[in-house]
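Some notes on the structure that comes next.
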């Protein structure tokens with residue numbers, strides 16, 4: 001059998017003996033000179049040998065056989081943990097307290113690199129804004145960043161250790177699904193620049209109330225250690241409720257308000273996106289953004305304001321944004337069956353993104369029948385029924401011709417649309433086949449369809465992928 005060769009794009013982090021000294025561990029099996037080049041805390045993330053693995057989570061979630069197959073990995077575990085016989089291809093380090101050892105390593109590793117680190121949070125737009133920042137910075141710098149919206153906390157250590165001696169800057173997406181999570185994520189990355197894109201209604205299942213959700217978003221402030229640079233959306237009323245009296249750092253506002261530090265004027269929809277002028281301290285630069293929607297103007301403003309903090313001029317940022325590529329399933333527009341127009345916005349769904357998608361549809365679709373195919377929104381807690389009905393009200397107000405709802409929760413959207421006297425046709429569907437049977441006869445060159453269902457629902461996405469990949 002030919003042994004697979006692995007390459008590493010970095011110098012080693014350290015070896016087993018050096019790690020023992022750092023975390024006060026005991027080498028119980030293996031070589032003290034054993035090096036490692038990457039570090040994770042979840043075995044499914046191990047992709048190569050010579051990886052350090054902290055058994056920080058419940059052991060039943062760990063796949064030690066995976067490490068044994070790869071070989072040459074270093075395992076850190078807490079005394080009293082039953083790992084079974086030691087594998088001769090692995091190095092084992094025992095510690096008294098796995099949490100203490102884990103955070104000692106993280107603090108040490110983050111302290112190696114004195115670079116700008118961005119943390120981006122918000123109900124909507126955080127992935128796009130993060131990708132815009134990354135795209136602008138990549139024109140001249142080596143940038144480590146969250147992959148698309150893969151922002152799970154299980155990937156934090158892997159992302160952190162993706163910062164190497166070759167990295168100039170890092171941009172991380174920091175989500176909020178419940179209280180304490182944003183502060184927890186920031187403990188890894190120790191950001192120097194933070195941003196809240198906006199605060200809508202989401203994640204009420206764990207936050208319970210909107211007030212708690214806003215408070216969870218405000219954890220970006222202690223996440224920045226009450227210093228550094230904080231960028232805020234000047235137009236967002238919920239952001240305005242966040243107390244800033246204990247914040248010692250620099251605050252920069254972006255938005256369409258006149259009092260914002262970075263603002264936009266002359267906003268227009270054009271054939272392939274948006275055109276606007278960004279204004280800052282008396283300087284005005286035109287931006288051609290290949291994305292649709294006023295919300296994308298705000299995302300771009302946030303990105304321009306962010307990179308300006310590290311010396312990127314308005315002109316350079318605008319030039320880079322002109323080549324920005326749309327993030328997958330974020331209001332992607334394409335031609336489909338019988339010349340119909342499809343707008344794919346299936347990446348995520350909450351009331352804020354629903355309203356944005358409807359606004360874009362109304363602005364880019366003229367003289368065609370407008371169909372909205374909407375699924376349920378998750379993690380909205382005890383008021384999910386009323387929140388879905390509010391989306392139905394939006395549908396009625398945006399003059400949609402045909403509403404098709406998919407799934408049990410989405411029935412409440414249809415109910416809300418009826419309550420608010422929607423003038424168009426309403427269909428409720430319980431399965432993907434019913435959606436297909438209703439939607440297909442509508443599809444022609446005079447029809448447009450907004451897709452706003454869960455991308456994790458395989459049955460409906462199988463049908464929708466056929467729409468997206470249709471070849472005339």
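Details
- More than 14 angstrom apart: percent of Cα pairs within the stretch 433-472: 51
- Kirkwood hydrodynamic radius (C-alpha pairs) into Stokes-Einstein, the stretch 113-322, 10 °C and 1.306 mPa s, D in µm²/s: 93
- Averaged over residues, the count of other Cβ atoms within 10 Å places the peptides 36-48, 417-429 in the sequence 36-48, 417-429, highest first.
- Average projected area [Cα convex hull, the stretch 332-469], square nanometres: 7.2
- Structural descriptor for the chain: relative contact order 10 percent, calculated from alpha carbon pairs under 8 angstrom and at least 6 residues apart.
- Computed from the C-beta positions of residue 205 and residue 275, the FRET efficiency with R₀ = 30 Å rounds to 0.15.
- The stretch 134-201 versus the stretch 368-401: alpha-carbon centroid distance in Å: 31
- Here, the chain has an Rg and a Dmax of 24.6, 74 Å when only alpha carbons are counted.
- Beta bridge orientation in the chain: antiparallel %, DSSP, nearest 5: 30
- Mean separation of Cα contacts under 8 Å, 6 or more apart, over the residue count of the stretch 104-219: relative contact order %: 38
- Compactness of the stretch 16-108, expressed as Rg and Dmax over alpha-carbon positions, Å: 11.6, 31
- Normalised contact order of the stretch 332-469, rounded percent, pairs of Cα under 8 Å and 6 or more residues apart: 37
Just so you know, all these numbers are worked out from the coordinates, no wet-lab data involved. Quantities reported herein were computed from a predicted structural model and do not represent experimental measurements. Reconstructed Cβ throughout: ideal geometry from the backbone, glycine too, with neighbour counts over all protein chains shown.
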